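Here the structure comes first, spelled out in structure tokens, and everything after it is commentary.
Just so it is clear, none of the values below were taken in a lab; they were calculated from the coordinates. This one's a predicted model, so the numbers in the text were calculated from it and none came from an experiment. A quick note on method: Cβ atoms are made from the backbone with ideal geometry, for glycine too, and the neighbour counts reach across all protein chains shown.
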Amino acid sequence: MSGQAAAARLSLLAACVWLTAAPAHAARPNVLFLSVDDMNDWVGALGYAPARTPNIDRLAARGALFANAHAPSPKCNPSRTAILSGLRPSTSGIYGNGEWWKPNLPKVVMLPRYFKDNGYYAAGGGKVFHHTPGFNPPDSWDEYFDLQDDLKSAGFLVPYRRPNHLTSFDWGPLDRADMEMGDGATVRWAEEFLARKHERPFFLAVGLFQPHLPFYAPRAQYDAVGPDEAPVPPDKPGDLDDVPPAGRRMAAFRTNDLELILEHGDLDDVVRAYTACIRHADALIGRLLDALDAGAYAQNTIVVFWSDHGYHFGEKHHFAKNTLWERSSRVPLAIVAPGVTRPQTVSTRPVSLLNLYPTLLDLCGLPPRAALEGVSLRPLLEDPKREWARPAVMTFGRGNHAVRSERYRYIRYADGGEELYDHARDPGEWTNLAADPAYAAVIERHARRLPAGNAPAALPKSAFEFDPQSYSWRRKPKAGKP
Ligand SMILES: [Ca+2]
Ligand SMILES: [Ca+2]
């Protein structure tokens with residue numbers, strides 16, 4: 001080794017020692033990763049008045065609001081797994097709520113774990129991963145606040161108060177205050193977390209169950225909405241006539257609930273209760289923002305607010321989620337990044353929540369990961385109007401995808417069925433243009449953005465034995481073998 005090379009090596013070593021000794025996180029921002037469950041785009045900041053969401057609106061006004069943001073999949077587990085893994089459902093094979101991600105994707109490093117492995121204190125509470133047992137491995141976190149089973153979901157689940165005609169859910173007012181609901185306990189924990197002194201930068205994930213069904217809202221929120229304030233969305237007669245069979249099958253999923261709600265004349269009351277649940281979530285978000293502002297971390301904490309997917313209330317004669325239309329995929333998304341975003345900016349560029357993982361690594365200066373399929377949104381955070389050629393892609397079930405550009409939504413089902421909607425003229429997605437030859441080039445342009453592969457569905461829960469004590473899985477022997 002030459003003297004020069006040796007000197008260079010020594011100085012490199014010295015640099016390494018310095019890097020190791022220095023607090024590597026000195027300038028790293030904290031993260032408040034704040035999510036809601038099944039909240040569609042009914043927030044004031046996105047132009048929907050009845051929900052009345054002053055706290056979500058003030059959060060959005062502090063930074064960048066994305067007005068064309070979409071979930072990677074219209075269901076809890078595939079959406080959350082995609083967001084937290086940075087992998088599309090078509091890559092991971094996690095398409096539904098019945099597949100544990102961990103035994104199927106043993107090598108994947110989820111977002112909180114990556115922060116934890118890179119010097120952050122990773123804390124979570126409520127519903128971040130899908131909430132049933134086996135979806136939230138403790139090694140993802142330094143600290144986790146989990147609700148007891150009877151406190152989970154939107155309110156207090158059992159007993160259902162009405163011997164009602166529905167089997168799957170209930171709605172209405174509960175005689176409880178905002179902080180006495182299930183999510184109130186999570187918010188109280190997060191308030192205490194934000195008041196604590198932290199030695200390391202933190203990644204704090206707060207996952208509210210609201211406004212997921214059952215749509216139980218504090219009575220004060222329910223009463224404040226009023227019976228006529230939240231309109232039932234229009235369901236245009238014959239709207240499904242131009243939808244291919246695969247899309248009609250998605251629309252028909254769980255239609256029993258919708259038929260019964262309509263038969264009993266309850267849809268307006270269901271919408272009212274859901275709207276009250278959004279207001280309830282908003283009130284809790286206000287508590288969190290106040291706690292952030294009152295503590296030591298207001299100036300150096302990135303806040304990301306997102307919902308895991310949207311929700312139908314009769315549009316396309318469908319109830320809940322599980323479709324590839326705008327109503328199932330469009331979500332509120334706001335990012336406040338001190339020193340990067342400017343207040344009151346709005347971007348109409350199409351973005352997927354798949355981009356959150358690489359965005360947060362970029363904003364926090366953590367090593368990028370080549371495996372991630374999204375890209376950092378930093379260019380749009382800095383300039384919300386800049387060119388953005390990348391559409392948002394969403395997947396539901398194997399081989400079924402939607403591609404959302406700034407203007408169009410193109411849907412292609414596994415059997416080749418297609419839909420195309422022009423949002424400049426038809427925001428309700430009522431007229432399928434896919435068969436119109438005038439749009440052949442538009443379709444071709446969007447079809448190029450479909451995922452290249454469609455991974456086989458991951459193994460279902462029934463393929464494994466799960467031990468909640470050790471939080472580990474064992475593959476069951478295949479049936480028929482001794
Ligand atoms: Ca959900
Ligand atoms: Ca139609």
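Here the simple spin-label model places points 7 Å from the Cα toward Cβ, and for Ala296 and Arg386 these points are separated by 3.4 nm.
Local charge for Ala252 was computed over the other residues whose Cβ lies under 15 Å away, with Lys and Arg +1 and Asp and Glu -1, and equals -1.
Applying 1/(1 + (r/R0)^6) with R0 = 35 Å to the Cβ-Cβ distance of Arg219 and Glu143 gives a FRET efficiency near 0.60. Placing a pseudo-label 7 Å from each Cα along the Cα-to-Cβ vector at Ala447 and Ala371 gives an inter-label distance of 3.3 nm.
For Arg188 and Lys107, a Förster radius of 35 Å and the Cβ-Cβ distance give a FRET efficiency of 0.45, rounded to the nearest 0.05. Compared with the direct C-alpha span, the chain from Met179 to Arg249 gains 21.2 nm at full extension, assuming 0.36 nm per residue.
When both the range 227-245 and the range 99-121 are represented by their alpha-carbon centers, they are found 40 Å apart.
Based on Cα contacts under 8 Å between residues 6+ apart, the chain shows a relative contact order of 25 percent. Of the residues Pro74, Ala370, Asn322, the one whose Cα sits farthest towards the positive end of the charge dipole of the chain is Ala370 (charges of +1 on Lys and Arg Cβ, -1 on Asp and Glu Cβ, taken about the Cα centre). Using the Cβ-Cβ distance between Ser462 and Ala414 with R0 = 25 Å, the FRET efficiency computed as 1/(1 + (r/R0)^6) comes to roughly 0.60.
Restricting the range 349-447 to trypsin sites (Lys or Arg not before Pro) that sit in a DSSP loop and have at most 11 other Cβ atoms within 10 Å of their own Cβ leaves Lys385, Arg386, Arg425. For the chain, the pair-distance distribution built from all alpha carbon pairs, in bins 20 Å wide starting at 0, is 23, 57, 18, 2, 0 percent. Rounded to the nearest 20 debye, the dipole magnitude of the chain is 1940 debye, with +1 charges on Lys and Arg beta carbons, -1 on Asp and Glu beta carbons, and the Cα centre as origin. By the combined test of axial Cα extent (at least 30 Å) and Kyte-Doolittle hydropathy (mean at least -0.5), the qualifying DSSP H helices of the chain come to 267-294.
Counting 0.36 nm for each residue step from Gln344 to Val232 and taking away their Cα separation leaves a gain of 37.3 nm. Applying a DSSP loop filter and a limit of 15 other Cβ atoms within 10 Å to the chymotrypsin sites (Phe, Trp or Tyr not before Pro) in the range 408-476 leaves Trp430, Tyr471. Label positions at Asp117 and Tyr471, each projected 7 Å from the Cα along the C-beta direction, are separated by 1.6 nm.
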